[in-house]
Structures are given as structure tokens and as C-alpha cells.
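Trainee: Okay, handing you the structure first.
The values are calculated or read from the model by the stated rules, or taken from the named source; none is laboratory data. Keep in mind it's a predicted model, so treat the numbers as computed, not measured. Neighbour counts run over all protein chains shown; Cβ positions are idealised from the backbone, glycine included. With ligands, DNA and RNA removed, areas are computed over all heavy atoms of the protein, side chains included. Shrake-Rupley method; radii C 1.70, N 1.55, O 1.52, S 1.80 Å.
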Amino acid sequence: MSEEMKLRKEQVLATARNGYDRVEEAELSAVEAYCAGYKKYLDGGKTERLCLKESVALAEAAGFRPLDRTKPVHRGDRVYFANRGKELLLAVIGEKPLDQGCHIAAAHIDSPRLDLKPVPLYEDSELAYCKTHYYGGIRKYQWVTVPLELRGVVMRRDGTAVEVTLGEGDEPKLVITDLLPHLGAEQGKKPLNEAVPGENLNILIGSRPVGEEGESDRVKLHVMELLHKKYGITEWDFASAELEAVPAYRATDIGIDASLIGAYGQDDRVCAYAALRALLDLGTPEVTAVCVLADKEEIGSMGVTGMQSAAFDTFMEELCQAQGVSLRACYENAFCLSADVTAAYDPLYSEAYDKRNVARVNYGVGLCKYTGARGKSGASDASAETVSFVRRTLDEHNILWQIGEMGKVDLGGGGTVAQYMANRNITTLDAGVPVLSMHAPFEVVGKLDCYMTYRACRAIYEAK
Ligand code: MN
Ligand code: MN
């Protein structure tokens, strides 16, 4: 290419470049250190409840305290509110009063998984199983023959809680079986989404009978007796339990160059960690910085711990009231980065993407002007002004960003919490880490993108 053409192109054409060609060598060690913390966070928080505990521990260590409704809040205060053990709201009070707005990063800490049904345990052919109802959008065939562990809480009849941890560390794991290829010819002809029916996602939990030969349900009895011995629970207690089967492996580096991370639950804990870590690392910002770690995003943000609940409004109202200012004015002047993952371009399935409008691994935090499906339906669709504000803020700090869509126009789409923030009259833009195999029991992200998303959250919090 001639020098002249090069110059002319540089002046007016947009050329996306791989992040590794753009970052300084020195920044790569910061990327590595950040990702080490992130992997630990993933291993400690495989359910929304556990992730909240991890997050609270990190926040407490960084000087955050539970919000005390009887006391005023001052600039520089670091407060949090844990909503029913599943949703976490945190704030660092800024220099300016809250009616001049706040800067929010909102991620979610629930991930697709298999929840036990209210009456889960049964025996068939002298094998014991737990029935499940999947949570969120999963590709069911991906969840068979994967080692699973059981996490969650059982509330006994007397109101006492028992925390269940089955399959951690060296403990025995659980699994859902699949048909052998020798007998799978008929199953193999079915469409992928029908090959493993939801009612077949039954977890194998035991095989050794107790008692006398000829009795019924001897394996089931053994399993229940073991659970009773370990947790003091009976079969009725499943009725008031939230038990989640999640993959029983830890986060790990992927690729011989260790440039990627493979783990369960990265949608959306990769952004949750970025939003949280960035808040914990803040000094006193110009405007109040708020981090939302919401629950229930994967099933539509419903319920008391989802983004549609008034818990967020209540938290914000407490802060506004403590300063004697209007919550509605605060929302009107606020900005929210809806920090959620986006689809990364996968060359193995190129037909699903518009190659010119897609996020790529290692190209930085992925902005999404709109998500939504087929004709932007259900999208919050950020304004040009909003994208401009974010783009400018990221450029000022040399933060690598890209912009794309979730797959092809008539194919893709998806929801995030963006629309529920926008409904509150809060200016919102979706942005997050591009993910390969999103919603699979083992998702893959690029380390560089994780770190850039952290830096993006921090730049938004600190923006004037
Ligand atoms: Mn998500
Ligand atoms: Mn999701």
C-alpha cells in the first residue's frame, strides 16, 4: 500500500485491530493478575447465593459496610445492601449530590443451571435420581455426561437453614447419563433441541441398596438416609429448598498461550466481577458510583431479587433521602452501563453472525447499542448520544472497545437488564465481555476482554 493511501484510509476508515497489537506489554501483567482474582471469584461463587457471599467478603475487605437506614450518608461512604441473599447493591457516595445523577454498572450473578424440582428424588430400576427443571436458556444436550455438584439451601420445617454442598473437592460428583452411540441411531435423527428432553435431565445420585432384598425403593432410601445423616433433612424438606446442580470443575486457562479462560457461569459473573472490582478500587468519585449484582436475569429479571423488583429503587431512595434530594431527579441524570456478556464471533459457526457487526475475542469490551430479537424487539436501543458518551469516556482512557450485534438480524437477540433500567428513566447502554459457547456448562472468554471490561466499568464510575 502506498503511504498516501495508508494516510487517506487512516483519516476516514475504521479498522478494527486485535487488542494484543494495541496494549502495552506492561499492561499484560495487570491483565494476568486481574484474571487470577476473577478465576477465584468464579470458583467460590457458582450460584447466585455463593457469588453474593464472595462479593460481600470482597466488599467488606475494601471498607464497605451495610447501609444503615437510620444514619446519614456522606461523600466517600462505601455502603452495600444484600437483598435476600441473592442480589447485591453497592455504592460509593460521590462529591456531587445524588440529584445530579449517579453512574451505575449493572451485572447479574445468576447463571443457567439445573434446579431440583420440589419433589426431586425417585428410584427407577434400582438407580436413584433427582429430577430437575432447568433455569435459563440452556442447550439441553450440553448438560449430559458432565460432572455436577449440588449447591444451595434447604429450609427445614422449623425454619432453620442448612447449606448443601455436595460434590465439592474430592467428594463424589453427580451426573446425567446419555445414550451410547451404539443405541443412539434414532436419537441421533432428532433435532438437537429435542434429542435430550427436559424431563430426561434427571441426575444420577446413587445405586447402592439398603435393607432386605425384595423391599421397594431401597436405593432411594439409602440416598435419603445419607442426606439425613449429613444435613438432618427429610424428603419433605425438598419442598422448601433451592438446590442447584452446577458443573463440578474449576475455572481454568485455555489455549497453549493461556490467553483464554474456560469456566462455568461466566455469563454474567465475568461482568459482575468487573463491575464489583472496579467499584472496590474507587476513591471518592465525582458522582455517586453504584454497582448492581442482580439475580433472575436469565429468566426475565422477574421476582423480588430481579432487576424488575423495587429493591433497587428502595436502595437508591434511601441514599437520596439521606441527602434530602429527589430520587426521580437522580434517575433522570443517571447513566447505567448494563454490564452483560455478548456473543463472540465463532468461526466454526460463521453462518450465525454478521461478520461486520459482531464482537471478537481479544478486541476489547463489546458495546451493544441494542440487544433484542428480530427487529430489535424488547431492546432498550441506546441513543447516539449515549453511545457517544461511552465511546468518548473509553477512548480518553485508552480502553479497547468494539461494537457489534448478537448474531444475524433474523436469528439473534437476547435480553439484559438494560430495558428495566431504561424504564426507570435511566440512560443505559449494554456492554460486556464477548463469550464463546455462551450458556454452555463451560464458557470461554478472552483475558484481555475481561480486563478491558473492568477498566470500562471503572472509567464510567469515575466519569465527570
Ligand atoms: Mn447475561
Ligand atoms: Mn445469559
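Trainee: Once you have the Cα-Cα distance between residue 257 and residue 32, take 0.36 nm times their residue separation minus that, and quote the gain in nm to one decimal.
Mentor: On the way: separation 225, 0.36 × 225 = 81.00 nm, distance 1.22 nm.
Between residue 257 and residue 32, full extension yields 79.8 nm more.
Trainee: Additional query: Can you give me the distance in nm between label points at residue 96 and residue 236, each placed 7 Å from the Cα along the Cα-to-Cβ direction?
Mentor: It is 5.8 nm.
Trainee: Using only the Cα atoms of the chain, what do you get for the radius of gyration and for Dmax, in Å?
Mentor: Over the chain's Cα set, Rg and Dmax evaluate to 23.7, 90 Å.
Trainee: Segment 208-229 to segment 15-78: how many Å between their Cα centroids?
Mentor: Cα centres, segment 208-229 to segment 15-78: 45 Å.
Trainee: Spelling out what I want: for every residue of segment 119-135, take phi, set θ = phi - 60°, compute 6.51 cos²θ - 1.76 cosθ + 1.60 (Karplus), and round to whole Hz; glycine and proline get x.
Mentor: These are the phi-based 3J(HN,Hα) values: 10, x, 7, 8, 10, 9, 6, 6, 10, 9, 10, 10, 7, 10, 10, 5, 10 Hz.
Trainee: A further question on this structure: How much length would be gained if the chain were fully extended between residue 122 and residue 408, taking 0.36 nm per residue of separation minus their Cα-Cα distance, in nm to one decimal? Don't skip to the end; give the middle numbers.
Mentor: Working: separation 286, 0.36 × 286 = 102.96 nm, distance 4.30 nm.
Result for the pair: 98.7 nm of gain on full extension.
Trainee: Still on this structure: Per residue, how many Å² of accessible area does segment 1-96 show with a 1.4 Å probe?
Mentor: Working: 5640 Å² over 96 residues.
Spelled out: the 1.4 Å probe surface of segment 1-96, per residue, equals 59 Å².
Trainee: Under a 1.4 angstrom probe, counting protein chains only, how are 252, 393 ranked by accessible area, largest first? Walk me through the intermediate numbers first.
Mentor: Numbers: 252 60, 393 10 Å².
Of 252, 393, the descending order of accessible area is 252, 393.
Trainee: In what order, largest first, do 182, 133, 228 sit by accessible area if the probe radius is 1.4 Å?
Mentor: On the way: 182 155, 133 120, 228 95 Å².
Descending order: 182, 133, 228.
Trainee: Applying 1/(1 + (r/R0)^6) with R0 = 56 Å to the Cβ-Cβ distance of residue 179 and residue 6, what FRET efficiency is obtained, to the nearest 0.05?
Mentor: Numbers: r = 58 Å, r/R0 = 1.04.
The computed FRET efficiency comes out at 0.45.
Trainee: Something else now. With the full set of protein chains in place, find how many percent of the accessible area of the chain is carbon and sulfur; take the probe as 1.4 Å. Don't skip to the answer; put the middle values down first.
Mentor: Details: 11050 of 21740 Å².
Here it works out to 51 percent.
Trainee: Give me a comma-separated list of calculated 3J(HN,Hα) values for segment 229-235, in order, Karplus coefficients 6.51, -1.76, 1.60 applied at θ = phi - 60°, integers in Hz, x for any Gly or Pro.
Mentor: Whole-Hz 3J(HN,Hα) from phi for segment 229-235: 5, 6, 10, x, 10, 10, 4.
Trainee: Just the accessible area per residue of segment 258-416, please: how many Å² with a 1.4 Å probe? Before the final figure, lay out each step's value.
Mentor: Details: 6070 Å² over 159 residues.
With all protein chains present, segment 258-416 gives 38 Å² per residue.
Trainee: Hey, another quick one. Among 272-280, 192-200, how do they line up by average Cβ neighbours within 10 Å per residue, starting with the highest? Please list the in-between numbers first.
Mentor: On the way: 272-280: 27.7, 192-200: 12.8.
Going by the mean number of other Cβ atoms within 10 Å, highest first, we get 272-280, 192-200.
Trainee: Rg to Rh for segment 113-247: what is it, with Cα atoms only and Rh by Kirkwood?
Mentor: Numbers: Rg = 15.7 Å, Rh = 15.9 Å.
On the Cα set of segment 113-247, Rg over Rh gives 0.99.
Trainee: Write down the accessible area per residue of segment 113-247 in Å², having rolled a 1.4 Å probe over the full set of protein chains. Mind showing how you got there, number by number?
Mentor: Working: 7810 Å² over 135 residues.
So segment 113-247 comes to 58 Å² accessible per residue, rounded to a whole number.
Trainee: Of the listed peptides 304-317, 47-60, 19-32, 163-176, what is their order by residue-averaged count of other C-beta atoms within 10 Å, with the highest listed first?
Mentor: The most tightly packed comes first, giving 47-60, 304-317, 163-176, 19-32.
Trainee: Whenever you get a sec, line up 361, 292 from highest to lowest accessible area (probe 1.4 Å, protein heavy atoms).
Mentor: Values: 361 30, 292 0 Å².
Heavy-atom accessible area, descending, gives 361, 292.
Trainee: Oh, and also: Through the Karplus equation 6.51 cos²θ - 1.76 cosθ + 1.60, θ set to phi - 60°, convert the phi angles of segment 322-331 into ³J(HN,Hα) values in whole Hz; use x for Gly and Pro.
Mentor: These are the phi-based 3J(HN,Hα) values: 4, 9, x, 10, 7, 5, 5, 5, 4, 4 Hz.
Trainee: Would you list which lysines come within 22 Å of residue 71, measuring only between C-alpha atoms, while excluding same-chain residues fewer than 8 positions from it?
Mentor: 96
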